[in-house]
Amino acid sequence: MSKEYKRLVDIWGDNVDIKDLGIAMGLCIGFALGGYIIAPGEAPQPLIVGIIGGVIGFVISSFVIKPKRNITEIKEDE
């Protein structure tokens, strides 16, 4: 097995780099928990701000972490 293959884990049938997974989880959890903690007011406002924080973390992680998959399309002659 190659060294790069050992860094991958199988999640829902897809191979994911452990480092990238940790970065994405840290961003999403950090923004969601931060939004929940700093939200002013009574319920349900902290929940809504926490969910918005989770979405912001997801968007940021999708820009930070680039896909490592190479897709080649082979056209068949008819």
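Nothing in this text is a laboratory measurement; each read-out follows from the coordinates by a stated rule. Everything numeric in this text was worked out from a predicted model, so none of it was measured. Cβ coordinates were reconstructed from backbone atoms using ideal geometry, including for glycine residues, and neighbour counts include every protein chain displayed.
Charge dipole of the chain (Cα centre as origin; +1 on each Lys and Arg Cβ, -1 on each Asp and Glu Cβ, all else neutral): 480 debye, rounded to the nearest 20. If I model the chain as equal point scatterers sitting on the Cα atoms and use the Debye formula, what is log10 I(q)/I(0) at q = 0.12, 0.15 Å⁻¹? For the chain, the Cα-only Debye profile gives -0.51, -0.67. Computed from Cα atoms, the angle from the helix 45-64 axis to the main principal axis of the chain rounds to 30 degrees. For chymotrypsin sites (Phe, Trp or Tyr not before Pro), the sites in the chain that DSSP calls loop and that have at most 13 other Cβ atoms within 10 Å are 12. Dividing the mean sequence gap of close Cα pairs (under 8 Å, 6+ apart) by how many residues the chain holds gives a relative contact order of 25 percent. In this label model, residue 56 and residue 43 are separated by 2.4 nm, measuring between points 7 Å along each Cα→Cβ vector. Estimated from helices alone, the mean residue ellipticity of the chain at 222 nm is -19000 deg cm²/dmol (sum of -39500 (n - 2.57) over DSSP H runs with n ≥ 4, per residue).
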